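Have a look at the structure below before the remarks.
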Amino acid sequence: ARWLVSWENPLTARVIVNRLWQEYFGQGLVTTSDNFGTQGEKPAHPELLDWLASELMDSGWSMKRIHRLVVTSATYRRSSKARSDLVERDPDNRLLARQIAFRLPAELLRDSTLAASGLLYPAVGGHSVFPPQPESVLELKLDYDPVWDESPGKDLYKRGLYIQYQRTTPYPFLQNFDAPDASTPACRRGRSNTPLQALNLLNDPVFFEAAQFLALRILKKLPAASFHDRLDYGFRLCLGRQPSAKESEVMLSYITRQTAILDKEPESVTELLPVGMEGADQTEAAAWVGLSRVLLNLDEFLTRE
């Protein structure tokens, strides 16, 4: 145990900071984060790797300090919008001249969605949780598998970290968004792009409910406000910024069309918004559920720029 954290054995610290770098930049300083041996890749910036490892050990192995050191660096805060000459010269960004945009990991996608809607239950620790599972998935489980009983109350909205892993019937959302198999070690995650992911974000009960509560959150906060004021608030909740003039125009056109459709199909109002909102026009509230689904499916919401 002493040798693992000894100054004469910097391998442990190097592996730790390389994994941390991989999470923040999409790839490690050593791209083979699972192999620091002779068969692995050489570090792109060996001096930087050594310096970060030294900083970690000097700080008494403070992970908080090393996280702060990386995210406040000029390298981390660079834009992910690459110049054409940089792409040609350094397509893999080994020179760190820019950031890399990538989709959030599976668990953080769910957490971000619940946080924007106001549903996230931030409790730390405790037992695993059981979000809603499609019936078709539950039918695949074996007779001796534990029963998948949907979690009650606030536990249903705990962070994705606490979702129960069941090998024979894994939670589909995590599978669709490249969460690794929890029964084997994984040093890094792949990032795929499939139609199932878009269907998941639109139709999964968790994400549909989040859109409903995001709409209610906006309307309750600004019950008598204009469309643009409400849209500004929705954008701040989801994207941390105000919409551009073009975005406002597109969203206004969308909610106008959505309202017209719901006026012709009143039965769809209760499908979109089964929980009524006192004092609010139910058709208008249902239209805002549709707009909330758009906000929660924007590339900017799903991507770490």
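For the stretch 126-169, a residue qualifies if it is assigned to a loop (DSSP other than H, G, I, E, B), open to solvent by less than 30 Å² (accessible area, probe 1.4 Å) and out of contact with any strand residue (DSSP E or B) (no Cβ under 8 Å at 6 or more places or on another chain), and the qualifying residues are Pro132, Gln133, Asp145, Trp148, Gln166, Thr169. Does Val294 qualify as being more than 22 Å from Thr113 (Cα to Cα) and either surrounded by 18 or more Cβ atoms within 10 Å (Cβ to Cβ) or touching a His at 6+ places or on another chain (Cβ under 8 Å) (or both)? For Val294, the condition - more than 22 Å from Thr113 (Cα to Cα) and either surrounded by 18 or more Cβ atoms within 10 Å (Cβ to Cβ) or touching a His at 6+ places or on another chain (Cβ under 8 Å) (or both) - is not met. For the stretch 181-196, check the following and say yes or no: at least one residue is open to solvent by less than 30 Å² (accessible area, probe 1.4 Å) and not acidic (Asp, Glu). So far as the stretch 181-196 goes, no, none of its residues is open to solvent by less than 30 Å² (accessible area, probe 1.4 Å) and not acidic (Asp, Glu). Within the stretch 5-24, the set of residues being open to solvent by 70 Å² or more (accessible area, probe 1.4 Å) and of a type in the set (Phe, Trp, Tyr) comprises Trp7 only. Looking at the structure I just gave you, is Ser244 at pLDDT 95 or above and surrounded by fewer than 16 Cβ atoms within 10 Å (Cβ to Cβ)? Yes: the conditions hold for Ser244. Screening Leu222 against (1) touching a Phe, Trp or Tyr at 6+ places or on another chain (Cβ under 7 Å); (2) within 30 Å of Pro105 (Cα to Cα); (3) of a type outside the set (S, T, N, Q) leaves a single unmet condition, (2). If you go through the stretch 174-222 and keep only what is more than 30 Å from Thr32 (Cα to Cα) and among the acidic types (Asp, Glu), you end up with Asp204, Glu209. When Tyr171, Tyr162 are checked against the criterion of being in contact with a Phe, Trp or Tyr (Cβ under 8 Å, 6 or more places away or on another chain), among the hydroxyl-bearing types (Ser, Thr, Tyr) and under 22 Å from Gly126 (Cα atoms), a single residue qualifies: Tyr171. Here Val275 fulfils each of the conditions (1) exposed (fewer than 13 other Cβ atoms within 10 Å of the Cβ); (2) touching a Leu at 6+ places or on another chain (Cβ under 9 Å); (3) without any contact (Cβ under 8 Å) to a residue 40 or more places away in the chain apart from (3).
Against the conditions (1) farther than 14 Å from Leu114 by Cα; (2) open to solvent by less than 50 Å² (accessible area, probe 1.4 Å), Lys221 satisfies every one except (2).
The values are calculated or read from the model by the stated rules, or taken from the named source; none is laboratory data. This is a predicted model, so every value here is computed, not measured. All Cβ positions, even for glycine, are placed from backbone atoms using ideal geometry, and neighbour counts span all protein chains on display. Side chains included, ligands, DNA and RNA excluded: accessible areas come from the protein's heavy atoms. Shrake-Rupley method; radii C 1.70, N 1.55, O 1.52, S 1.80 Å.
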